[in-house]
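J.: Before I ask anything, let me first share the structure, which is written out below as structure tokens.
Nothing in this text is a laboratory measurement; each read-out follows from the coordinates by a stated rule. Everything numeric in this text was worked out from a predicted model, so none of it was measured. Please note: Cβ atoms are built from the backbone with ideal geometry, for glycine as well, and neighbour counts cover all protein chains shown.
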Ligand code: THU
């Protein structure tokens, strides 16, 4: 028997202004995208901005459905749009913002498990790390250099 410890590393920023200008711009775009969320059921709006190595920025927001499981998270709306429109481009950064309809949440909102698995697929495919930034409506911003910090022991195509 053996025990292992897996560590995750994040950088925590106090405010958007502490980030490099291009990342600040991605936050602005994600906040705009968040306004286009269709979230009549959860009333929880999520916005995502993805930057690609070809200079494109792809946006997404969560899209819900009366048949609940048919809806999709903002991260995957943006990821699949990026992958289908720019299949040869690498994803550099994913910026996530979120806000419930009620008052501000200071907790940074990380991507859900399914979205982590989807981000993992593209990080493995492009053989380059994807930076992930996430925040709540107000408060601190978390940055991870790679999806690996968010999903240890990733299930991946090599295991099929
Ligand atoms: N949601 C996202 O868009 N991304 C996540 O990573 C977590 C959850 C959405 C799905 C649903 O529309 C709402 O937030 C509440 O779960």
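J.: Post the alpha-carbon centroid distance, region 106-150 to region 1-38, in whole angstrom.
T.: For region 106-150 versus region 1-38, the Cα centre distance is 7 Å.
J.: How high is the FRET efficiency from residue 28 to residue 54, r the C-beta distance, R0 25 Å, rounded to 0.05?
T.: Using R0 = 25 Å, I get an efficiency of 0.80.
J.: So for the pair residue 66, residue 80, with labels modelled 7 Å out along Cα→Cβ, what separation do we get in nm?
T.: 2.1 nm
J.: With each run of n ≥ 4 DSSP H residues scored as -39500 (n - 2.57), what mean residue ellipticity at 222 nm is computed for the chain after dividing by its residue count and rounding to the nearest 500 deg cm²/dmol?
T.: -8000 deg cm²/dmol
J.: By count of other Cβ within 10 Å, fewest leading, how are 95, 46 ordered?
T.: Details: 95 31, 46 28.
Exposure proxy ranking, most exposed first: 46, 95.
J.: Indicate, rounded to the nearest 5 percent, the antiparallel portion of the DSSP beta bridges found entirely in region 20-153.
T.: 80 percent
J.: While we're looking at this one, here's another question. Going by a ≥ b ≥ c, the root eigenvalues of the Cα gyration tensor, does region 1-83 fall in the rounded group (a/c under 1.5), the prolate group (a/b larger than b/c) or the oblate group?
T.: oblate
J.: Label the chain by shape, choosing from rounded, prolate and oblate, from the square roots a ≥ b ≥ c of the eigenvalues of the Cα gyration tensor; if a/c is under 1.5 it is rounded, and otherwise prolate applies when a/b is larger than b/c, oblate when it is not. Intermediate results must be reported in sequence, preceding the final value.
T.: Values: a/c = 1.30, a/b = 1.23, b/c = 1.06.
It is rounded, given that a/c, with a ≥ b ≥ c, falls under 1.5.
J.: With r as the distance between the Cβ atoms of residue 117 and residue 158 and R0 = 22 Å, compute the FRET efficiency 1/(1 + (r/R0)^6) and round to 0.05.
T.: E between residue 158 and residue 117, to the nearest 0.05, is 0.90.
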